[in-house]
1. Kindly provide the set of residues from segment 350-375 that are touching a residue at least 40 places away in the same chain (Cβ under 8 Å) and more than 22 Å from Ala257 (Cβ to Cβ), ordered by number.
2. Among the residues of segment 132-142, how many are surrounded by fewer than 20 Cβ atoms within 10 Å (Cβ to Cβ) and either touching a strand residue (DSSP E or B) at 6+ places or on another chain (Cβ under 9 Å) or acidic (Asp, Glu) (or both)?
3. I need the full set of residues from segment 381-404 which are part of a strand (DSSP E or B) and under 23 Å from the mean Cα position of the chain (by Cα), in order please.
4. So the check is Cβ under 6 Å with 6+ separation or different chains; which pairs have a first residue in segment 230-242 that's touching a residue at least 12 places away in the same chain (Cβ under 8 Å) and a second one that's among the polar types (S, T, N, Q) and surrounded by fewer than 14 Cβ atoms within 10 Å (Cβ to Cβ)?
5. What is the one condition in (1) out of contact with any helix residue (DSSP H, G or I) (no Cβ under 6 Å at 6 or more places or on another chain); (2) open to solvent by less than 30 Å² (accessible area, probe 1.4 Å) that Pro282 does not satisfy?
6. Considering segment 221-250 alone, what residues qualify as being touching a strand residue (DSSP E or B) at 6+ places or on another chain (Cβ under 8 Å), within 25 Å of Leu64 (Cα to Cα) and either open to solvent by less than 60 Å² (accessible area, probe 1.4 Å) or among the aliphatic types (A, V, I, L, M) (or both)?
7. Taking segment 96-122 as the search range and keeping residues that are over 17 Å from Phe142 (Cβ atoms) and polar (S, T, N, Q), which one is surrounded by the fewest Cβ atoms within 10 Å (Cβ to Cβ)?
8. Out of Ser429, Ser402, Ser435, report the one residue that is farther than 17 Å from Pro301 by Cβ and buried (at least 17 other Cβ atoms within 10 Å of the Cβ).
Amino acid sequence: MSEMGAPGLIISAPSSGSGKTSVTLGLLRALARRGVRVGSAKVGPDFIDPAFHAAASGQACFNLDGWAMRPATLAGLTTHVGAGVDLVVCEGVMGLFDGALTAPDQPDGSTAQLALATGWPVVLVLDGRGMIASAAAVLAGFDRLRPGPGLAGVVFNRVRSSRAQAAIESACRAACPDVALLGFLPPAPALEMKSRHLGLVQACERPDLDAFLDGAAALVEAHLDLDRLCALARPARLSASAPAVPLPPLGQRIALAADAAFAFAYPATLDGWRAAGAEIVPFSPLADQGPDPAADAVYLPGGYPELHAGLLAGNQGFLGGLRAAADRGAALFGECGGYMVLGRGIEDETGTRHAMAGLLGLESSFARRRLHLGYRRAVLECAGALGVVGAVFRGHEFHYASVLAEEGEALFTVSGADGAGLGRCGLCSGTVAGSFVHLIDRDEGVATPP
(Lines give C-alpha, C1' and ligand atoms only; values in the text may rest on other atoms or scores of the structure.)
Protein backbone atom coordinates (compact mmCIF):
# COMPACT_ATOMS: atom_id res chain seq x y z
CA MET A 1 0.00 0.00 0.00
CA SER A 2 1.35 3.44 -0.91
CA GLU A 3 1.84 6.31 1.54
CA MET A 4 -1.25 7.88 0.00
CA GLY A 5 -3.38 4.93 1.08
CA ALA A 6 -4.93 2.13 -0.89
CA PRO A 7 -6.15 2.89 -4.41
CA GLY A 8 -9.89 3.22 -4.80
CA LEU A 9 -12.69 3.42 -7.32
CA ILE A 10 -16.37 4.36 -7.30
CA ILE A 11 -19.23 2.18 -8.57
CA SER A 12 -21.98 4.47 -9.86
CA ALA A 13 -24.94 4.33 -12.24
CA PRO A 14 -27.24 6.55 -14.31
CA SER A 15 -30.04 6.09 -11.77
CA SER A 16 -31.22 4.12 -8.77
CA GLY A 17 -32.30 0.60 -9.66
CA SER A 18 -29.52 0.01 -12.19
CA GLY A 19 -27.95 -2.71 -10.05
CA LYS A 20 -24.94 -0.89 -8.58
CA THR A 21 -25.51 -2.31 -5.08
CA SER A 22 -25.59 -5.91 -6.30
CA VAL A 23 -22.51 -5.32 -8.45
CA THR A 24 -20.69 -3.67 -5.54
CA LEU A 25 -21.53 -6.52 -3.17
CA GLY A 26 -20.49 -9.14 -5.70
CA LEU A 27 -17.23 -7.32 -6.27
CA LEU A 28 -16.50 -6.97 -2.54
CA ARG A 29 -17.24 -10.62 -1.85
CA ALA A 30 -15.29 -11.86 -4.88
CA LEU A 31 -12.21 -9.85 -3.94
CA ALA A 32 -12.42 -10.92 -0.30
CA ARG A 33 -12.59 -14.56 -1.43
CA ARG A 34 -9.38 -13.96 -3.42
CA GLY A 35 -7.63 -12.77 -0.28
CA VAL A 36 -7.72 -9.09 -1.19
CA ARG A 37 -8.10 -6.81 1.83
CA VAL A 38 -10.85 -4.62 0.48
CA GLY A 39 -12.31 -1.63 2.28
CA SER A 40 -15.57 -0.02 1.31
CA ALA A 41 -17.42 3.26 1.47
CA LYS A 42 -20.90 4.51 0.59
CA VAL A 43 -21.65 7.95 -0.78
CA GLY A 44 -24.30 9.87 1.13
CA PRO A 45 -26.56 9.15 4.09
CA ASP A 46 -27.35 5.44 4.12
CA PHE A 47 -27.42 2.83 6.87
CA ILE A 48 -28.58 -0.30 5.05
CA ASP A 49 -26.15 -0.64 2.12
CA PRO A 50 -23.10 -0.28 4.41
CA ALA A 51 -24.24 -3.22 6.52
CA PHE A 52 -24.31 -5.37 3.36
CA HIS A 53 -20.85 -4.05 2.43
CA ALA A 54 -19.47 -5.06 5.82
CA ALA A 55 -20.92 -8.56 5.50
CA ALA A 56 -19.46 -8.94 2.01
CA SER A 57 -15.96 -7.64 2.72
CA GLY A 58 -15.45 -8.37 6.42
CA GLN A 59 -14.56 -4.69 6.97
CA ALA A 60 -16.66 -1.82 8.35
CA CYS A 61 -18.12 0.44 5.65
CA PHE A 62 -17.96 4.21 6.10
CA ASN A 63 -20.25 6.86 4.65
CA LEU A 64 -18.63 9.74 2.75
CA ASP A 65 -20.84 12.79 2.30
CA GLY A 66 -19.83 15.92 0.39
CA TRP A 67 -22.80 17.97 1.63
CA ALA A 68 -23.09 16.91 5.26
CA MET A 69 -19.40 16.55 6.16
CA ARG A 70 -16.78 19.19 6.83
CA PRO A 71 -13.71 18.92 4.57
CA ALA A 72 -11.62 17.74 7.53
CA THR A 73 -14.14 15.00 8.36
CA LEU A 74 -14.33 13.87 4.74
CA ALA A 75 -10.54 13.77 4.46
CA GLY A 76 -10.18 11.92 7.75
CA LEU A 77 -12.69 9.25 6.82
CA THR A 78 -11.28 8.83 3.30
CA THR A 79 -7.85 8.27 4.84
CA HIS A 80 -9.29 5.84 7.37
CA VAL A 81 -11.08 3.79 4.70
CA GLY A 82 -7.85 3.43 2.72
CA ALA A 83 -5.66 2.44 5.67
CA GLY A 84 -4.68 -1.19 6.17
CA VAL A 85 -6.39 -2.46 2.99
CA ASP A 86 -5.30 -3.23 -0.57
CA LEU A 87 -8.22 -1.62 -2.39
CA VAL A 88 -11.20 0.64 -1.64
CA VAL A 89 -14.55 0.14 -3.39
CA CYS A 90 -16.98 3.01 -2.92
CA GLU A 91 -20.64 2.69 -3.91
CA GLY A 92 -22.34 5.83 -5.19
CA VAL A 93 -25.78 7.19 -4.35
CA MET A 94 -28.68 7.48 -6.82
CA GLY A 95 -27.40 8.50 -10.26
CA LEU A 96 -23.86 9.80 -10.77
CA PHE A 97 -24.83 13.48 -10.88
CA ASP A 98 -27.83 13.32 -8.52
CA GLY A 99 -27.68 15.13 -5.20
CA ALA A 100 -29.42 17.78 -3.15
CA LEU A 101 -31.09 20.69 -4.93
CA THR A 102 -28.54 23.40 -4.13
CA ALA A 103 -27.09 26.37 -5.99
CA PRO A 104 -24.76 25.33 -8.85
CA ASP A 105 -21.65 26.48 -6.95
CA GLN A 106 -22.60 24.71 -3.71
CA PRO A 107 -21.86 21.11 -2.61
CA ASP A 108 -24.75 18.78 -3.42
CA GLY A 109 -23.56 15.49 -1.93
CA SER A 110 -23.60 13.72 -5.30
CA THR A 111 -21.35 10.87 -6.34
CA ALA A 112 -19.82 13.15 -8.98
CA GLN A 113 -18.85 15.64 -6.29
CA LEU A 114 -17.16 12.92 -4.24
CA ALA A 115 -15.34 11.61 -7.32
CA LEU A 116 -13.94 15.08 -7.96
CA ALA A 117 -12.88 15.48 -4.33
CA THR A 118 -11.21 12.09 -3.99
CA GLY A 119 -9.94 11.55 -7.52
CA TRP A 120 -11.25 7.99 -7.45
CA PRO A 121 -12.16 6.78 -10.96
CA VAL A 122 -15.81 6.03 -11.72
CA VAL A 123 -17.11 2.72 -13.06
CA LEU A 124 -20.67 3.05 -14.35
CA VAL A 125 -23.21 0.23 -14.00
CA LEU A 126 -25.58 0.63 -16.93
CA ASP A 127 -28.85 -1.32 -17.15
CA GLY A 128 -28.81 -2.86 -20.62
CA ARG A 129 -32.49 -3.80 -20.78
CA GLY A 130 -34.30 -2.47 -23.84
CA MET A 131 -31.21 -0.83 -25.39
CA ILE A 132 -28.61 -1.69 -27.99
CA ALA A 133 -26.93 1.22 -29.80
CA SER A 134 -28.68 3.67 -27.50
CA ALA A 135 -26.53 2.34 -24.67
CA ALA A 136 -23.58 4.09 -26.33
CA ALA A 137 -25.46 7.40 -26.27
CA VAL A 138 -26.13 7.03 -22.53
CA LEU A 139 -22.51 6.10 -21.87
CA ALA A 140 -21.15 8.99 -23.97
CA GLY A 141 -23.48 11.44 -22.26
CA PHE A 142 -22.32 10.44 -18.79
CA ASP A 143 -18.69 10.48 -19.90
CA ARG A 144 -18.85 13.98 -21.38
CA LEU A 145 -21.57 15.83 -19.50
CA ARG A 146 -19.21 17.75 -17.24
CA PRO A 147 -15.49 18.24 -16.97
CA GLY A 148 -14.46 16.24 -13.99
CA PRO A 149 -15.31 12.74 -13.22
CA GLY A 150 -14.87 11.14 -16.61
CA LEU A 151 -15.70 7.45 -16.69
CA ALA A 152 -12.91 4.92 -16.34
CA GLY A 153 -15.05 1.87 -17.08
CA VAL A 154 -18.54 0.48 -17.55
CA VAL A 155 -20.36 -2.68 -16.53
CA PHE A 156 -23.54 -3.58 -18.41
CA ASN A 157 -26.22 -5.24 -16.32
CA ARG A 158 -29.22 -7.39 -17.28
CA VAL A 159 -28.09 -8.02 -20.86
CA ARG A 160 -30.18 -10.91 -22.17
CA SER A 161 -28.33 -12.26 -25.21
CA SER A 162 -24.91 -12.54 -26.80
CA ARG A 163 -26.31 -10.74 -29.87
CA ALA A 164 -27.33 -7.73 -27.76
CA GLN A 165 -23.97 -7.81 -26.01
CA ALA A 166 -22.06 -7.71 -29.30
CA ALA A 167 -24.14 -4.81 -30.60
CA ILE A 168 -23.74 -2.80 -27.39
CA GLU A 169 -20.01 -3.49 -27.32
CA SER A 170 -19.52 -2.35 -30.91
CA ALA A 171 -21.48 0.87 -30.42
CA CYS A 172 -19.72 1.73 -27.15
CA ARG A 173 -16.22 1.09 -28.50
CA ALA A 174 -16.92 3.51 -31.34
CA ALA A 175 -18.50 6.19 -29.11
CA CYS A 176 -16.24 5.92 -26.02
CA PRO A 177 -12.96 4.22 -26.93
CA ASP A 178 -11.29 5.33 -23.69
CA VAL A 179 -13.91 3.81 -21.39
CA ALA A 180 -13.00 0.25 -20.40
CA LEU A 181 -15.74 -2.30 -21.14
CA LEU A 182 -15.49 -4.51 -18.08
CA GLY A 183 -18.19 -7.06 -18.78
CA PHE A 184 -21.85 -7.91 -19.31
CA LEU A 185 -23.99 -9.39 -16.56
CA PRO A 186 -27.05 -11.47 -17.47
CA PRO A 187 -30.38 -11.03 -15.66
CA ALA A 188 -30.22 -12.64 -12.21
CA PRO A 189 -33.62 -12.41 -10.47
CA ALA A 190 -32.33 -14.30 -7.43
CA LEU A 191 -29.90 -11.45 -6.77
CA GLU A 192 -32.45 -8.65 -6.84
CA MET A 193 -32.42 -6.83 -3.49
CA LYS A 194 -35.53 -7.07 -1.28
CA SER A 195 -36.99 -3.75 -0.15
CA ARG A 196 -39.36 -2.23 2.40
CA HIS A 197 -40.48 1.30 3.25
CA LEU A 198 -37.03 2.69 4.17
CA GLY A 199 -35.14 0.84 1.46
CA LEU A 200 -33.57 -2.61 1.43
CA VAL A 201 -34.39 -5.23 4.02
CA GLN A 202 -31.51 -5.11 6.52
CA ALA A 203 -28.58 -7.48 6.15
CA CYS A 204 -29.07 -8.73 9.72
CA GLU A 205 -32.62 -9.82 8.83
CA ARG A 206 -31.62 -12.07 5.91
CA PRO A 207 -30.97 -15.70 6.88
CA ASP A 208 -29.78 -16.29 3.30
CA LEU A 209 -27.21 -13.48 3.44
CA ASP A 210 -24.08 -15.57 2.85
CA ALA A 211 -25.70 -17.50 0.01
CA PHE A 212 -26.87 -14.24 -1.55
CA LEU A 213 -23.40 -12.66 -1.33
CA ASP A 214 -21.71 -15.79 -2.66
CA GLY A 215 -24.16 -15.84 -5.58
CA ALA A 216 -23.38 -12.21 -6.37
CA ALA A 217 -19.65 -12.96 -6.21
CA ALA A 218 -20.01 -15.94 -8.54
CA LEU A 219 -21.91 -13.85 -11.09
CA VAL A 220 -19.29 -11.08 -11.00
CA GLU A 221 -16.39 -13.54 -11.26
CA ALA A 222 -17.96 -15.29 -14.23
CA HIS A 223 -18.78 -12.21 -16.29
CA LEU A 224 -16.51 -9.29 -15.33
CA ASP A 225 -12.79 -8.67 -15.89
CA LEU A 226 -11.92 -8.17 -12.23
CA ASP A 227 -8.19 -7.72 -12.81
CA ARG A 228 -8.79 -4.93 -15.29
CA LEU A 229 -11.41 -3.33 -13.04
CA CYS A 230 -9.06 -3.28 -10.04
CA ALA A 231 -6.24 -1.87 -12.18
CA LEU A 232 -8.37 1.24 -12.76
CA ALA A 233 -8.22 2.21 -9.07
CA ARG A 234 -6.20 5.24 -7.97
CA PRO A 235 -5.15 6.62 -4.53
CA ALA A 236 -7.36 9.35 -3.10
CA ARG A 237 -6.32 12.98 -3.28
CA LEU A 238 -7.70 13.57 0.22
CA SER A 239 -5.59 12.78 3.26
CA ALA A 240 -5.57 13.62 6.96
CA SER A 241 -3.30 12.80 9.88
CA ALA A 242 -5.91 13.08 12.65
CA PRO A 243 -8.91 10.76 13.15
CA ALA A 244 -12.31 12.16 12.27
CA VAL A 245 -14.53 13.10 15.23
CA PRO A 246 -17.76 14.21 13.55
CA LEU A 247 -19.91 14.63 16.68
CA PRO A 248 -19.09 15.37 20.31
CA PRO A 249 -19.40 12.26 22.51
CA LEU A 250 -22.58 12.20 24.58
CA GLY A 251 -20.61 11.06 27.64
CA GLN A 252 -17.61 9.07 28.74
CA ARG A 253 -19.45 5.72 28.97
CA ILE A 254 -22.16 5.54 26.33
CA ALA A 255 -24.77 2.77 26.34
CA LEU A 256 -25.65 2.03 22.70
CA ALA A 257 -28.94 0.38 21.69
CA ALA A 258 -27.86 -2.11 19.02
CA ASP A 259 -30.06 -4.78 17.43
CA ALA A 260 -32.44 -5.20 14.47
CA ALA A 261 -34.70 -2.44 15.82
CA PHE A 262 -31.83 0.04 16.38
CA ALA A 263 -29.25 -0.61 13.66
CA PHE A 264 -28.88 2.86 12.12
CA ALA A 265 -25.71 4.14 13.78
CA TYR A 266 -22.89 5.50 11.62
CA PRO A 267 -19.54 3.75 12.24
CA ALA A 268 -17.87 7.16 11.82
CA THR A 269 -19.87 8.52 14.76
CA LEU A 270 -19.01 5.59 17.02
CA ASP A 271 -15.34 5.54 16.01
CA GLY A 272 -15.18 9.30 16.54
CA TRP A 273 -16.51 8.93 20.06
CA ARG A 274 -13.94 6.25 20.79
CA ALA A 275 -11.19 8.46 19.35
CA ALA A 276 -12.34 11.21 21.74
CA GLY A 277 -11.90 8.81 24.68
CA ALA A 278 -15.46 7.54 25.17
CA GLU A 279 -16.32 3.90 25.92
CA ILE A 280 -19.31 2.38 24.11
CA VAL A 281 -21.33 -0.40 25.75
CA PRO A 282 -23.94 -2.04 23.46
CA PHE A 283 -27.24 -3.45 24.70
CA SER A 284 -30.26 -5.03 23.00
CA PRO A 285 -33.71 -3.53 23.63
CA LEU A 286 -35.33 -6.45 21.75
CA ALA A 287 -33.76 -8.82 24.30
CA ASP A 288 -35.23 -6.63 27.07
CA GLN A 289 -31.83 -5.37 28.12
CA GLY A 290 -31.59 -1.96 29.73
CA PRO A 291 -28.65 0.41 29.34
CA ASP A 292 -25.58 -0.15 31.51
CA PRO A 293 -26.37 1.38 34.93
CA ALA A 294 -22.85 2.83 35.01
CA ALA A 295 -23.33 4.67 31.70
CA ASP A 296 -23.48 8.46 31.84
CA ALA A 297 -25.13 8.59 28.40
CA VAL A 298 -27.55 6.47 26.35
CA TYR A 299 -27.76 6.59 22.55
CA LEU A 300 -30.83 5.22 20.76
CA PRO A 301 -30.09 5.33 17.01
CA GLY A 302 -32.67 4.91 14.30
CA GLY A 303 -33.88 1.65 12.83
CA TYR A 304 -37.21 -0.16 12.67
CA PRO A 305 -38.77 0.04 16.15
CA GLU A 306 -42.18 0.32 14.48
CA LEU A 307 -41.83 -3.29 13.29
CA HIS A 308 -41.20 -4.42 16.89
CA ALA A 309 -43.37 -1.92 18.74
CA GLY A 310 -45.47 -4.53 20.53
CA LEU A 311 -42.41 -6.38 21.80
CA LEU A 312 -40.65 -3.17 22.87
CA ALA A 313 -43.75 -1.93 24.69
CA GLY A 314 -43.72 -5.10 26.81
CA ASN A 315 -39.99 -5.01 27.52
CA GLN A 316 -40.12 -3.29 30.88
CA GLY A 317 -36.50 -4.07 31.64
CA PHE A 318 -35.56 -1.93 28.64
CA LEU A 319 -38.10 0.87 29.17
CA GLY A 320 -37.53 0.91 32.91
CA GLY A 321 -33.79 1.12 32.30
CA LEU A 322 -34.29 4.21 30.14
CA ARG A 323 -36.39 5.87 32.85
CA ALA A 324 -33.83 4.99 35.52
CA ALA A 325 -31.04 6.47 33.40
CA ALA A 326 -33.02 9.69 33.02
CA ASP A 327 -33.73 9.78 36.78
CA ARG A 328 -30.03 9.57 37.63
CA GLY A 329 -29.21 12.41 35.22
CA ALA A 330 -27.64 10.45 32.35
CA ALA A 331 -27.84 12.07 28.93
CA LEU A 332 -30.35 10.22 26.69
CA PHE A 333 -30.38 10.98 22.97
CA GLY A 334 -32.59 9.37 20.33
CA GLU A 335 -32.57 9.74 16.56
CA CYS A 336 -35.58 8.95 14.37
CA GLY A 337 -36.69 5.50 15.59
CA GLY A 338 -34.83 6.08 18.85
CA TYR A 339 -36.61 9.41 19.24
CA MET A 340 -39.98 7.72 18.78
CA VAL A 341 -39.16 5.20 21.52
CA LEU A 342 -38.26 8.01 23.92
CA GLY A 343 -41.76 9.40 23.25
CA ARG A 344 -45.07 8.45 24.76
CA GLY A 345 -46.32 6.02 22.11
CA ILE A 346 -46.00 4.59 18.60
CA GLU A 347 -49.04 3.77 16.49
CA ASP A 348 -48.23 0.87 14.16
CA GLU A 349 -49.50 0.44 10.61
CA THR A 350 -52.69 -1.21 11.86
CA GLY A 351 -53.49 1.79 14.08
CA THR A 352 -52.65 -0.01 17.33
CA ARG A 353 -50.90 2.23 19.84
CA HIS A 354 -47.93 0.89 21.81
CA ALA A 355 -46.74 2.77 24.90
CA MET A 356 -43.05 3.71 24.90
CA ALA A 357 -40.72 5.28 27.49
CA GLY A 358 -42.76 8.47 27.96
CA LEU A 359 -39.68 10.64 28.49
CA LEU A 360 -40.59 13.08 25.70
CA GLY A 361 -43.97 14.42 24.60
CA LEU A 362 -44.02 12.67 21.23
CA GLU A 363 -46.80 10.59 19.72
CA SER A 364 -45.99 9.09 16.30
CA SER A 365 -47.94 6.99 13.81
CA PHE A 366 -47.24 4.65 10.91
CA ALA A 367 -50.95 4.20 10.21
CA ARG A 368 -50.87 7.67 8.65
CA ARG A 369 -47.65 7.62 6.68
CA ARG A 370 -45.98 10.69 5.28
CA LEU A 371 -42.56 10.77 3.66
CA HIS A 372 -39.97 13.10 5.19
CA LEU A 373 -36.73 13.09 3.19
CA GLY A 374 -33.75 15.38 2.77
CA TYR A 375 -30.61 16.92 4.16
CA ARG A 376 -31.00 19.09 7.25
CA ARG A 377 -28.96 21.89 8.80
CA ALA A 378 -29.86 21.86 12.48
CA VAL A 379 -29.23 24.64 15.01
CA LEU A 380 -29.32 23.52 18.63
CA GLU A 381 -32.00 25.27 20.71
CA CYS A 382 -31.48 23.33 23.94
CA ALA A 383 -28.11 23.04 25.69
CA GLY A 384 -27.06 19.54 26.69
CA ALA A 385 -24.83 16.66 25.69
CA LEU A 386 -24.68 17.87 22.07
CA GLY A 387 -23.34 21.28 23.06
CA VAL A 388 -24.38 24.85 23.74
CA VAL A 389 -27.36 26.69 22.31
CA GLY A 390 -26.49 27.80 18.78
CA ALA A 391 -24.27 24.83 17.96
CA VAL A 392 -24.86 23.81 14.33
CA PHE A 393 -25.00 20.33 12.82
CA ARG A 394 -25.67 18.73 9.47
CA GLY A 395 -27.69 15.59 9.02
CA HIS A 396 -30.40 13.80 7.12
CA GLU A 397 -34.05 12.96 7.62
CA PHE A 398 -35.75 9.92 6.08
CA HIS A 399 -38.86 8.43 7.61
CA TYR A 400 -42.56 7.81 7.03
CA ALA A 401 -43.85 8.50 10.52
CA SER A 402 -46.55 11.08 11.09
CA VAL A 403 -46.31 13.21 14.21
CA LEU A 404 -49.58 13.17 16.15
CA ALA A 405 -48.21 15.27 19.02
CA GLU A 406 -44.85 16.91 19.72
CA GLU A 407 -45.21 18.77 23.00
CA GLY A 408 -42.37 20.44 24.85
CA GLU A 409 -39.21 22.42 24.23
CA ALA A 410 -37.82 22.08 20.70
CA LEU A 411 -34.33 20.63 20.23
CA PHE A 412 -33.43 22.13 16.84
CA THR A 413 -34.37 24.79 14.33
CA VAL A 414 -33.81 23.21 10.91
CA SER A 415 -33.42 24.19 7.28
CA GLY A 416 -33.03 22.18 4.08
CA ALA A 417 -30.02 21.87 1.81
CA ASP A 418 -31.35 24.80 -0.22
CA GLY A 419 -31.43 27.01 2.89
CA ALA A 420 -35.23 27.05 3.15
CA GLY A 421 -36.42 27.16 6.75
CA LEU A 422 -38.32 24.12 7.98
CA GLY A 423 -39.16 25.31 11.47
CA ARG A 424 -38.40 23.55 14.71
CA CYS A 425 -38.05 19.84 15.29
CA GLY A 426 -37.29 17.41 18.04
CA LEU A 427 -37.79 17.75 21.78
CA CYS A 428 -35.70 18.07 24.91
CA SER A 429 -36.63 17.64 28.55
CA GLY A 430 -33.91 17.79 31.17
CA THR A 431 -31.14 15.47 30.02
CA VAL A 432 -33.38 13.66 27.50
CA ALA A 433 -33.40 14.81 23.86
CA GLY A 434 -34.15 13.54 20.39
CA SER A 435 -35.33 14.34 16.88
CA PHE A 436 -36.04 12.73 13.52
CA VAL A 437 -32.72 14.05 12.14
CA HIS A 438 -29.81 11.61 11.85
CA LEU A 439 -26.82 13.79 12.72
CA ILE A 440 -23.76 13.31 10.51
CA ASP A 441 -21.29 16.07 11.39
CA ARG A 442 -20.83 19.42 13.02
CA ASP A 443 -21.24 22.45 10.77
CA GLU A 444 -18.49 25.02 10.31
CA GLY A 445 -21.07 27.77 9.83
CA VAL A 446 -22.37 30.16 12.44
CA ALA A 447 -25.94 29.94 13.67
CA THR A 448 -28.20 32.73 12.46
CA PRO A 449 -29.81 34.57 15.41
CA PRO A 450 -33.59 34.08 15.57
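The values are calculated or read from the model by the stated rules, or taken from the named source; none is laboratory data. This is a predicted model, so every value here is computed, not measured. When we count neighbours, we look across all protein chains shown, and the Cβ atoms used for this are built from the backbone with ideal geometry, even at glycine. When the accessible area is computed, the model is the full protein with side chains, heavy atoms only, and any ligands, DNA or RNA have been set aside. Shrake-Rupley method; radii C 1.70, N 1.55, O 1.52, S 1.80 Å.
1. Answer for segment 350-375, where residues must be touching a residue at least 40 places away in the same chain (Cβ under 8 Å) and more than 22 Å from Ala257 (Cβ to Cβ): Thr352, Arg369, Gly374, Tyr375.
2. Here the count works out to 1.
3. Val392, Phe393, Arg394, Gly395, His396, Glu397, Phe398, His399, Ser402
4. Pro235/Ser2
5. The one condition Pro282 does not meet is (2).
6. Selection gives Leu229, Cys230, Leu232, Ala233, Pro235, Ala236, Pro246, Leu247, Pro248, Pro249, Leu250.
7. Among residues in segment 96-122 that are over 17 Å from Phe142 (Cβ atoms) and polar (S, T, N, Q), the one surrounded by the fewest Cβ atoms within 10 Å (Cβ to Cβ) is Gln106.
8. Ser429
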